[in-house]
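Before any comments, here is the structure.
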Amino acid sequence: MITETTKFDQRHGSPYDRGTADSYYGRDYNPHYFTGDSFNSTRIELQDMSAQEIIAYTAGFRDNEANGDKKEY
């Protein structure tokens, strides 16, 4: 269960970070992450993610949606 006290790895490229970034930039929900820094390491797609990694991505996406923090173009 995800609670307010659930902590996720927030390093650049992590599932949580990628979920937050996708929401911020107005991209669709598309679980993925990078093994290191975003776009400078291997990208892991949904089919290769663990349940916990998908939960972290989803939490990042939902947290940012709830905050309403969006890039202005």
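Each value in this text was obtained by applying a stated rule to the coordinates, not by laboratory testing. Bear in mind the structure is a predicted one, so any value in this text is a computation, not a measurement. So basically every Cβ, Gly included, is an ideal-geometry build from the backbone, and we count neighbours across all protein chains shown.
Couple of notes before you dig in:
- When the chain is treated as a Gaussian network with alpha carbon springs shorter than 10 Å, the biggest mean-square fluctuation among Y24, Y33, Y57 belongs to Y24.
- Loop-exposed GluC sites (Glu not before Pro) per DSSP, neighbour cap 10 Cβ within 10 angstrom, longest uninterrupted part of the chain: 5-71
- Only Cα pairs under 8 Å and 6+ residues apart enter the sum, and on that basis the relative contact order of the chain stands at 36 percent.
- Here is how the number arises for the chain: DSSP H runs of 4 or more residues each give -39500 (n - 2.57), the sum is divided by the residue count, and the result at 222 nm is -12000 deg cm²/dmol.
- The stretch between H12 and E65, if pulled fully straight at 0.36 nm per residue, gains 17.2 nm over its current Cα-Cα span.
- Distance between the modelled labels on L46 and N30, one decimal in nanometres: 1.1 nm (7 Å Cα→Cβ projection).
- The chain: radius of gyration over Cα atoms, expressed as a fraction of 2.2 N^0.38 Å: 1.03
- In the range 1-64, trypsin sites (Lys or Arg not before Pro) in a DSSP loop with at most 14 other beta-carbon atoms within 10 Å: K7, R11, R27
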